[in-house]
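Chemist: Mind looking over this structure? Questions follow.
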Amino acid sequence: MPTLAFLALLLGFGFWILLPLTRKEDFRAAEYAVAGELTDLYALRDVAYDTLRDLEFDHSMGKMAEKDYEELKTRYQGEAAEILRQIETLETRLEGEVASSLRPGGKTPR
């Protein structure tokens, strides 16, 4: 009798452990890809802002020639503007996907 109880307990425990493997996935991989890309773009934006801040500091301390400062400032401002444009595009796309999934008749959020 104790052996039978042990086997029943073991089978129940095994079923409980394996149950998540049999269920359908509840997440949408595309949302995570966009969120990961946004995280990367936010990090690049912060790097560009830090670089611009460092350039300004070096220039104000007299460590950099005016010509070099203007050239690098223009370059990093352009990079920051492009990163901000990409962030805005992805945020708009993600907001549209979330809004469409919340509309009646659309997919329900999980």
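Chemist: With the chain treated as a Gaussian network of Cα nodes joined by springs under 10 Å, which of THR74, THR22, THR92 yields the largest mean-square fluctuation?
Modeler: The residue that fluctuates most here is THR22.
Chemist: Using Cα pairs closer than 8 Å and at least 6 residues apart in sequence, work out the relative contact order for the chain, in percent.
Modeler: Contact order relative to length: 28 percent.
Chemist: With the crude spin-label approximation of a point 7 Å out along Cα→Cβ, what separation in nm comes out for THR89 versus LEU18?
Modeler: Here the modelled spin labels are 4.7 nm apart.
Chemist: Further question: Taking every pair of alpha-carbon atoms in region 28-102, what share in percent sits in each 10 Å bin, from 0 to the bin with the longest distance?
Modeler: Spelled out bin by bin, region 28-102 gives 18, 37, 22, 15, 7, 1 percent.
Chemist: Could you run the Karplus curve 6.51 cos²θ - 1.76 cosθ + 1.60 with θ = phi - 60° over region 81-97 and give me ³J(HN,Hα) per residue in whole Hz, x for Gly and Pro?
Modeler: After applying 6.51 cos²θ - 1.76 cosθ + 1.60, I find 5, 5, 5, 4, 5, 5, 4, 4, 4, 5, 5, 5, 5, 5, 5, x, 5 Hz.
All of the numbers you see were taken from the coordinates with simple rules; none came from a lab. Predicted, not measured: the structure shown is a model, and the values here were computed from it. Cβ sites come from the backbone with ideal geometry, for glycine too, and all protein chains shown count toward neighbours.
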